[in-house]
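Asker: This structure is in structure tokens; I'll ask about it shortly.
The values are calculated or read from the model by the stated rules, or taken from the named source; none is laboratory data. Note that this is a predicted model, so its numbers are computed, not measured. Using ideal geometry, Cβ is built from the backbone for each residue, glycine included, and neighbour counts are taken over all protein chains shown. Accessible surface is based on the protein model in full, side chains and every heavy atom, while ligands, DNA and RNA are left aside. Shrake-Rupley method; radii C 1.70, N 1.55, O 1.52, S 1.80 Å.
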Amino acid sequence: SIQPVYGAQHPPLDPQLTKNFIKDRSKASALPMKSKKASSFHEFARNTSDAWDIGDDEDEDFSSSSSLQTLNSKVAKATAAQVLENHSKLRAKPERAQSALSDMPTNCKVIKSSSEAQLSRTSEEVCVRTPLQKQQSLPLRPVIPLVARISDQNASGAPPMTVREKTRLEKFRQLLSSHNTDLDELRKCSWPGVPREVRPVTWRLLSGYLPANMERRKLTLQRKREEYFGFIQQYYDSRNEEHHQDTYRQIHIDIPRTNPLIPLFQQPLVQEIFERILFIWAIRHPASGYVQGINDLVTPFFVVFLSEYVEEDVENFDVTNLSQDVLRSIEADSFWCMSKLLDGIQDNYTFAQPGIQKKVKALEELVSRIDEQVHNHFRKYEVEYLQFAFRWMNNLLMRELPLRCTIRLWDTYQSEPEGFSHFHLYVCAAFLIKWRKEILDEEDFQGLLMLLQNLPTIHWGNEEIGLLLAEAYRLKYMFADAPNHYRR
């Protein structure tokens, strides 16, 4: 059975470090290898079984492991401690690299490219808050949220609000304040991204949760929120009954695994909210019930609706500071919007997950048309699309992208007809081809799987998502209306 891997939740793998590590480990490894021919997926899965878990093994010594099976988590740990150092050293001039590294605690402004201006600012924050005595003492958990803040939409470090963005925001406000919001126009405006200030109400409208008529919205919200908490009163106590115990147990296990490096989602109160949302959805949809991966789909809605009440970075916000009424509103709205999303892709989660099987097959056939070289490279090293793309479809790329990128991506998905079911296929194809050079550089099965499960997107922002969506739209325009666009 295919199990979830937490690739994008870990720090990015340093390509050079990973390649050297794989080579060194391959020489010393006691794993049986027939020859240079690629091993089978089943053999690879057995030998890397612990890569599917996210147990807290932070205290283990990286150098003490002698098995290739800990490669995923160990390389992630090793590179996490070098995130800031690597960026500084790579961007600095060769003759100044060493001095820049030694001055890191007091001088962090060594990053040159505009795409890393935001990283530079967050590096300064790390330096101010926690003076680094030694590089190896850099803690794992504080670094990642600072580098990959949910609110940092622009990786380029652009000004918070340009003239164009102010004009767009005003356009949204006019649409949303009209007596009957023009949903077609709202979708058109939302496709290139929704301003943070109006995203909560826009998402409610685009998902079909709120009516377009202004006068009906308040009553609709009140009625739907009361209806959700009616479900809680009616069904939630049944989680302890025998026929629901397995469902609740699986939800209870998966909740702490949801965005494990973001403090917001580790708060007990937030985890209780997620448990209620997922359990109520599961027992109201017996055809599918709860399936691993659905827990991820709550998080973008929760963050967006939380941001309506929180101005600072939500990832470190203590939700106990909010009133009970506000928390109830966020919970109910997250439930209903997630339900609307899942209504369109429920065959992804019914028995045998036929929706995902079909989408992965469609992706394979589409890539064979778009980039035959990449397709043949996978065939040469016996890489099956299901081995990496199952997660892309099951989790809507949420494990591959930082959460801020998922939120931006969903702006477009909710604007696009059948965005989560149909357009997502073209986004996955564009996402795969984005890494064609790195894919073609890997010349063995294990290297390809490690790359595809740990793609370096941790510093992505609006720029990268915008380019990805533009390429996906181009692919859709070229292939979607062709009768045999999946087949030669």
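Asker: Can you pull the one-decimal nm distance between simple spin-label points at residue 171 and residue 480, each 7 Å off the Cα toward Cβ?
Answerer: 2.0
Asker: Another question about this same structure. For segment 416-468, which semi-axes, largest first and in whole Å, follow from the square roots of 5 times the eigenvalues of its Cα gyration tensor? Intermediate values should be presented prior to the final figure.
Answerer: On the way: eigenvalues 112, 39, 17 Å².
Each semi-axis is the square root of five times an eigenvalue, giving 24, 14, 9 Å.
Asker: How would you classify segment 277-426 from its alpha-carbon gyration tensor, with a ≥ b ≥ c the square roots of the eigenvalues: rounded for a/c under 1.5, else prolate if a/b is greater than b/c, otherwise oblate? Write out the running numbers ahead of the final one.
Answerer: Values: a/c = 2.55, a/b = 1.80, b/c = 1.42.
It is prolate, given that a/c is not under 1.5 and a/b is the larger ratio.
Asker: How would segment 161-344 be classified by its alpha-carbon gyration tensor: rounded, prolate or oblate, with rounded meaning a/c under 1.5 and the a/b versus b/c comparison settling the rest?
Answerer: Details: a/c = 2.05, a/b = 1.59, b/c = 1.29.
Prolate is the answer for segment 161-344, as a/c is 1.5 or above and a/b outweighs b/c.
Asker: Return the FRET efficiency for the residue pair residue 243, residue 313: r is the Cβ-Cβ distance, R0 is 51 Å, and the value is rounded to the nearest 0.05. Show your work: numbers first, answer last.
Answerer: Working: r = 41 Å, r/R0 = 0.81.
Once the sixth-power term is evaluated, E becomes 0.80.
Asker: Rounded, prolate or oblate: which fits segment 385-488, taking a ≥ b ≥ c as square roots of the Cα gyration tensor eigenvalues, rounded meaning a/c under 1.5, else prolate when a/b beats b/c? Walk me through the numbers before you get to the answer.
Answerer: Details: a/c = 1.76, a/b = 1.18, b/c = 1.49.
It is oblate, given that a/c is not under 1.5 and a/b is not larger than b/c.
Asker: Counting Lys and Arg as +1 and Asp and Glu as -1, each charge on the Cβ, what is the dipole of segment 170-280 about the Cα centre in debye, to the nearest 20? Show your work: numbers first, answer last.
Answerer: On the way: 17 positive and 15 negative charges, 108 e Å.
Dipole magnitude for segment 170-280 comes out near 520 debye.
Asker: For segment 212-281, take N as its residue count and report Rg(C-alpha) divided by 2.2 N^0.38 Å. Present the calculation step by step, with values, prior to reporting the outcome.
Answerer: On the way: Rg = 15.2 Å, N = 70, 2.2 N^0.38 = 11.1 Å.
It is 1.37.
Asker: If I compute solvent accessible area with a 1.4 Å probe over the protein chains, what percent of it on segment 351-487 is carbon and sulfur? Provide the component values of the computation, followed by the final result.
Answerer: On the way: 2620 of 5190 Å².
For segment 351-487, the apolar C and S fraction of the accessible surface comes to 50 percent.
Asker: Moving on. For segment 161-344, with all protein chains present and a 1.4 Å probe, just round the carbon and sulfur fraction of the accessible area to a whole percent.
Answerer: Of the solvent-accessible surface of segment 161-344, carbon and sulfur hold 47 percent.
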